[in-house]
Amino acid sequence: MGQPRARAALVPVSIHDLGTLGGAVSQAKAVNRRGQVVGTSRDALGRTRAFLWEDTLGIVDLKPLTGVNSSANDINDGGEIAGGGDTGFGDFHAYLLSAGTSFDLGTLGGNESEALAVNGRGQVAGHSRGAAAPAKHGFVIAEPGTMIDLGTLGGATSIAHDLNETGDAVGLAETRSGQPRAFLWTATDGMRDLGTLGAASMALGINNRSEVVGGSGHAFLWTARGGMVDLGTLGGRTSCANAINDAGCVVGASQTGASDARGLPVTHAFLWTPDGGMLDLGTLGGDHSAAVAVTNGDGGTIRIAGHSHDASGRMRAALWAVRLG
């Protein structure tokens, strides 16, 4: 049955503001087991830039490609980083940064692509525009130089959000009637519609047990045996799950049932475990936060990356540490 499930006792250890590259806003997108965090931040000129954060170095501009704007969306345990950036020629391309060298991953024929996930084998998933149609299609690069178009569920658009160590990918694809659906794609079986909880659905994370998480009005967990299960909320109307580790720990964001000063629903980052339910991870002092990535546990502690408003209402990249009791 694989790795043991997480136990119920959860103790938040810390939440840390990772700062910015000189601008007002930053967001963390991924964290690896070495504690390296990647994401995007505005710099002092207002540009959106990819960053790498490490405890000993702080936040650093990655400068993966030659253009102005860039993103860093995932990092594997070996330190390889996937994202997208301006090429300097009017296009926006997916890249893989490995051993200090940035590789332009190209497109499916159009002028735009972005890598959203990289696994430990250096395989990459994301989305790209094709040459003939403006709609985006999800892609997987299982071997260097070969970008596989994942197609759709009969509609125009798809996006691959994550992939596991065996190269299985998950994301969102439109059906023939234009409905967004969570999908699971494998090299042997192609694209599978994972269904919904009654509304549109999208899959955002997959672990090495092929357990899938995402959102369909509420955060969901999908397994081959149990199908799509509603994970509930923190008391509000909606929630969404963004990532799952190999122990079945799920992170995401949920409305709490409270409202902020503008009258908008308060949204907090959460951690859900199979035996412990949903834990509110709190904020950096502001009203809102979201968790988007989670590591496998080392010494009983997991790291969770995301973003949070601080007491001044500024959005900051955030790193949580939670001990599993």
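Across segment 70-111, the qualifying residues are those that are in a strand (DSSP E or B) and acidic (Asp, Glu), and the one among them that is farthest from Arg33 (Cα to Cα) is Asp86.
If you filter segment 236-251 down to residues that are in contact with a Leu (Cβ under 9 Å, 6 or more places away or on another chain) and either touching a residue at least 40 places away in the same chain (Cβ under 8 Å) or among the acidic types (Asp, Glu) (or both), you find that the one that is farthest from Asp280 (Cα to Cα) is Ala247. Mind checking which residues of segment 252-263 are part of a loop (DSSP other than H, G, I, E, B) and either under 22 Å from Gly217 (Cα atoms) or among the hydrophobic types (A, V, I, L, M, F, W, C) (or both)? Across segment 252-263, the qualifying residues are Asp260, Ala261, Gly263. Candidates are the residues of segment 237-254 that are surrounded by fewer than 20 Cβ atoms within 10 Å (Cβ to Cβ) and within 21 Å of the chain's Cα centre (by Cα); the one that is farthest from Ala199 (Cα to Cα) is Asp246.
Failed condition for Glu114, given (1) among the charged types (D, E, K, R); (2) part of a loop (DSSP other than H, G, I, E, B); (3) within 25 Å of Thr20 (Cα to Cα), with all others met? Only one criterion in (1) among the charged types (D, E, K, R); (2) part of a loop (DSSP other than H, G, I, E, B); (3) within 25 Å of Thr20 (Cα to Cα) is unmet by Glu114, namely (2).
Could you go through segment 20-40 and let me know if any residue there is among the aliphatic types (A, V, I, L, M) and assigned to a loop (DSSP other than H, G, I, E, B). Checking segment 20-40: not a single residue is among the aliphatic types (A, V, I, L, M) and assigned to a loop (DSSP other than H, G, I, E, B).
For segment 295-311, give me the residue count where each residue is out of contact with any His (no Cβ under 9 Å at 6 or more places or on another chain) and either without any contact (Cβ under 8 Å) to a residue 60 or more places away in the chain or among the aromatic types (Phe, Trp, Tyr) (or both).
4
Taking segment 124-136 as the range and being under 11 Å from Thr157 (Cβ atoms) and crowded, with 24+ Cβ neighbours inside 10 Å as the test, only His127 passes. Could you check, for segment 60-77, whether at least one of its residues is under 18 Å from the mean Cα position of the chain (by Cα), surrounded by fewer than 20 Cβ atoms within 10 Å (Cβ to Cβ) and of a type outside the set (Lys, Arg)? Yes, segment 60-77 contains at least one residue that is under 18 Å from the mean Cα position of the chain (by Cα), surrounded by fewer than 20 Cβ atoms within 10 Å (Cβ to Cβ) and of a type outside the set (Lys, Arg). Return the residues of segment 107-124 that are farther than 13 Å from Pro64 by Cα and within 21 Å of the chain's Cα centre (by Cα); say none if nothing qualifies. Passing the criteria: Thr107, Glu112, Ser113, Leu116, Ala117, Val118, Asn119, Gly120, Arg121, Gly122, Gln123, Val124. If you go through segment 71-120 and keep only what is within 21 Å of Asp43 (Cα to Cα), touching a Lys or Arg at 6+ places or on another chain (Cβ under 8 Å) and of a type in the set (A, V, I, L, M), you end up with just Ala72.
No lab work stands behind these numbers, since they all come straight from the coordinates. Note that the structure is a prediction, hence the values are computed from the model and not measured. Neighbour counts are summed over all protein chains in view; Cβ atoms, including those assigned to glycine, are modelled from backbone coordinates with ideal geometry.
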